[in-house]
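The values are calculated or read from the model by the stated rules, or taken from the named source; none is laboratory data. Since the structure is predicted, the reported quantities are computational estimates derived from the model, not experimental observations. Don't worry about glycine lacking a Cβ; one is built from the backbone with ideal geometry, like all the others, and counts go over all protein chains shown. When the accessible area is computed, the model is the full protein with side chains, heavy atoms only, and any ligands, DNA or RNA have been set aside. Shrake-Rupley method; radii C 1.70, N 1.55, O 1.52, S 1.80 Å.
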There are 4 protein chains.
Amino acid sequence: MIILNGGSSSGKSGIVRCLQAELPESWLTFGCDSFVDALPARMRADDAGIVIGDDGGVSVGEDFRTLEAAWTEGVATMARAGARIIIDDVFLGGAASQQRWRKALDGVDTLWVGVRCAGAVAAGREIARGDRAPGMAARQADMVHEGVVYDLEVDTTRTESVECARIIAAHVR
Amino acid sequence: MIILNGGSSSGKSGIVRCLQAELPESWLTFGCDSFVDALPARMRADDAGIVIGDDGGVSVGEDFRTLEAAWTEGVATMARAGARIIIDDVFLGGAASQQRWRKALDGVDTLWVGVRCAGAVAAGREIARGDRAPGMAARQADMVHEGVVYDLEVDTTRTESVECARIIAAHVR
Amino acid sequence: MIILNGGSSSGKSGIVRCLQAELPESWLTFGCDSFVDALPARMRADDAGIVIGDDGGVSVGEDFRTLEAAWTEGVATMARAGARIIIDDVFLGGAASQQRWRKALDGVDTLWVGVRCAGAVAAGREIARGDRAPGMAARQADMVHEGVVYDLEVDTTRTESVECARIIAAHVR
Amino acid sequence: MIILNGGSSSGKSGIVRCLQAELPESWLTFGCDSFVDALPARMRADDAGIVIGDDGGVSVGEDFRTLEAAWTEGVATMARAGARIIIDDVFLGGAASQQRWRKALDGVDTLWVGVRCAGAVAAGREIARGDRAPGMAARQADMVHEGVVYDLEVDTTRTESVECARIIAAHVR
């Protein structure tokens, strides 16, 4: 299992697609975006679900956490059942988020990867992609890494996605 | 757990969104589309993965089946961990596909729903949506239901998605 | 030129794709969605641009109207230059919106088509598609047709898109 | 009017979105992607329309050229009618493509911008975005600039989209 953690617009999805192309085996990918897509529409703008503020702040409620915990368990089962999995996540809770994954993944061989990107550069890419709430990239750039321990870090500020993917792939035995 | 099975363009996704809106609790949804999105791009045009022919025929290979089995296990775990889940699937193998789910879902309370749509009508909707290989809808309309046993069947040929969703919701306790 | 006018979720886009498939010649299609996509992101949530309220109400400002007028002129030029064009629009201003098109299209042979859908049914389809502001469909269902004169009307409440497209195609010489 | 020309995955769309955010006035944007979306589905895989080969080669047929010419005329009219417009194009014909635009834009004040990106880097970004035919980026990287005359060139190989947009915006009076 490979877990990528990084702020919004830090380039995680691009790295994931390159990793899937680079690695010789077939790796499945899931992440916070695919999880949020699985929620009822009403939870995407509800205090019990996930709310994205006008300043790009993200807050999640109790229902979100409950479903996310079950989802995390399920992903761990997929890994134990033999699927190679790349997770693309945003640790809004920093070290606490990592701890949640660690608990679910007990016994699963996991490569922890930090995806860094300078806040100002991520903010520019947020404008360029045009589909994210302005402000998320800058807010999350450092916050999501607080207290998180990695096997490996990449920085997309000046390194292309495909290059970052190669660095990560080299660590996957 | 609710499992909807129906051919391409039979209206499953619309019913799922209406079900998520209709049901008072928060239900997660996954399905063959979200699974295929999780695959490496190269598996979406590879004999070991999934190949969609010019005639709309779909064939899946060994790698696909292996990852799908792990994914199915994981979804069952999510349900056992307390998440309410709606699956939107296309049983390309008919009764055999149902059997795969049944095995993984052992002990999980499941509502099996058949989503029917007359082949000719589904074929028209396939043109209207414009993002599917022509021919899939007609080919799958009956095939996916062969030998499958349901708790409930809905037919979108003349019934709106929201109406079908209400019928299904009434069976959820 | 063919102009389809109907409320949100009345099924215009599906009819357009079927019309493009049905008609033997190659028809280009544009519409209010493609126009809005062409605007700067900031105009999609600005009083001078286009604002979609929480109740599904849509209001457009002066900048929007100015750019829309230039766009309308341009589309008329494409038609005069020989392109067959299908427009998929929402006449928020009813008869006044039609008048704007009429003025720009002076001398261009135009088929005016009303796309009706019962408000309650359109509202259900709005939930099923899941990507529109709730309330738009019901609000616009009748409003957009006020005072508009058609060569032909279709009603998607009980008629499939592909059927509506065939009815329209039969009127295109 | 601003016309950006560059190969696939050279970063044109990102620059356009940043330009729209950067420029104080409201600029509309159109381009080869929005034009291709306007075509009938069948023309997107037809010799008379546009065909994308397995090697990423793109060939367009007579019907495509005819409709494109009318579309170009229409865009020129929009500009003459007062709309500020940014075009995002791929000059498959190099200088000949520029000549077609020049003819239609007679009298319209136009800023010609070349968007360069080293072929190898564009090819990596093509994998990262995951929605383009592999090979297009490398093939088009130099080809589309052959014989084209620019007011200004930017290079996304090592410069962020938002930076390129600022350079271009500084040339817009």
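See the values below:
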quantity	calculated
Antiparallel %, DSSP beta bridges [both residues in region A:1-150], to 5	20 percent
Helix-only mean residue ellipticity at 222 nm for chain D, each DSSP H run of n ≥ 4 adding -39500 (n - 2.57), per residue, nearest 500	-13000 deg cm²/dmol
Inter-centroid distance (Cα atoms) of region A:136-156 relative to region B:140-173, Å	45 Å
Distance in nm between pseudo-label sites at A:Ala45 and B:Asp142 (7 Å out along the Cβ direction from Cα)	4.4 nm
Hydrodynamic radius (Kirkwood) for region C:73-173, which is based on Cα pairs only, to one decimal in Å	15.0 Å
Sequence of A:Asp89, D:Asp46 from largest to smallest accessible area, 1.4 Å probe	D:Asp46, A:Asp89
Square roots of five times the Cα gyration tensor eigenvalues for chain D, Å	23, 21, 14
At least 40 Å² of accessible area lost relative to the chain alone, listed for region C:1-30 with a 1.4 Å probe	C:Arg17, C:Gln20, C:Ser26, C:Leu28
Accessible carbon and sulfur surface of the protein assembly as shown relative to its total accessible area, %, 1.4 Å	48 percent
Cβ-vector label at 7 Å, D:Ala41, separations to other copies in nm	2.2, 2.3, 3.0
Summed buried accessible surface, chains A and D, 1.4 Å probe, nearest 100 Å²	1000 Å²
Label distances, nm, D:Gly130 versus same residue in remaining copies, Cβ-directed 7 Å point	1.8, 2.1, 2.4
Within chain C, longest stretch clear of exposed GluC sites (Glu not before Pro) (DSSP loop, no more than 16 other Cβ within 10 Å)	C:26-145
Heavy atoms of C:Thr72: accessible area, 1.4 Å probe, square angstrom to 10	20 Å²
From the C-alpha gyration tensor of region D:44-120, square roots of 5λ in Å	25, 18, 10
Listed residues C:Ala138, C:Ala128, C:Ala79, most fluctuating in chain C (Gaussian network, C-alpha, under 10 Å)	C:Ala128
Highest-MSF residue in chain C out of C:Ser97, C:Ser13, C:Ser34 [GNM, Cα springs under 10 Å]	C:Ser34
Antiparallel bridges, percent of DSSP beta bridges restricted to the protein assembly as shown (to nearest 5)	15 percent
Zone of C:Ile52's modelled label, taken as backbone nitrogen in region C:1-40 under 18 Å from a point 7 Å along Cα→Cβ	C:6-14, C:31-40
For the axis carrying chain B to chain D: nearest C-beta residue of B, whole Å	B:Asp131, 6
Solvent-accessible area lost in complex, 40 Å² minimum, residues of region A:50-80 relative to chain alone, 1.4 Å	A:Leu67, A:Ala70, A:Trp71, A:Thr77, A:Met78
The protein assembly as shown: translational diffusion in µm²/s, Stokes-Einstein, Kirkwood Rh over Cα pairs, 10 °C, 1.306 mPa s	59 µm²/s
Descending principal axes extents, region B:1-62, alpha-carbon based, whole Å	42, 23, 16
Listed residues B:Met136, A:Met143 arranged by accessible area, highest first, probe 1.4 Å	A:Met143, B:Met136
Spin-label model distance (nm) - B:Arg173 vs C:Ala96, 7 Å beyond Cα toward Cβ	5.2 nm
Accessible area of chain C divided out per residue, in Å², using a probe of 1.4 angstrom	42 Å²
